[in-house]
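Heads up, the thing below is written out as structure tokens.
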Amino acid sequence: MVSTDSKKDIFKEGYDLYKLGKFEEAIKCYNKVLDIDPKDIDALNNKGIALGKLGKLDEAIKCYDKASKINPE
């Protein structure tokens, strides 16, 4: 099992890659976070944003839909 610290580190790496415009690499990090915790709303949201930047709008909407089902507020 991966520790929470590792999950946070992977998430931060994804965020840093996103800020550098490396959207594909960022998505890979968010996917790793989601492998650890499929209900991580922040990872789903950020993955959706990165997918949107790549023009993959259908995939982005799926991320947002999944996040809204986890936390409908």
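Quick notes on this one:
- A Förster radius of 25 Å, combined with the Cβ-Cβ distance separating LEU57 from LYS19, puts the computed FRET efficiency at roughly 0.75.
- With R₀ fixed at 30 Å, the C-beta to C-beta distance from SER68 to ASP5 puts the FRET efficiency at about 0.60.
- By definition, a body whose alpha carbon gyration tensor gives a ≥ b ≥ c is oblate when a/c is 1.5 or more and a/b is not larger than b/c, and the chain fits this oblate description.
- Cβ charges +1 (Lys, Arg) and -1 (Asp, Glu), total dipole of the chain, debye: 120
- Exceeding the 19 Å Cα-Cα cut-off - candidates LYS19/LYS62; LYS22/LYS53; LYS8/LYS39; LYS39/LYS62: LYS19/LYS62
Since every read-out is calculated from the coordinates, none of them should be taken as a lab result. On a predicted model such as this, the values are computed, not experimentally measured, just so you know. For neighbour counting, all protein chains shown are included, and Cβ atoms are generated from backbone atoms with ideal geometry for every residue, glycine included.
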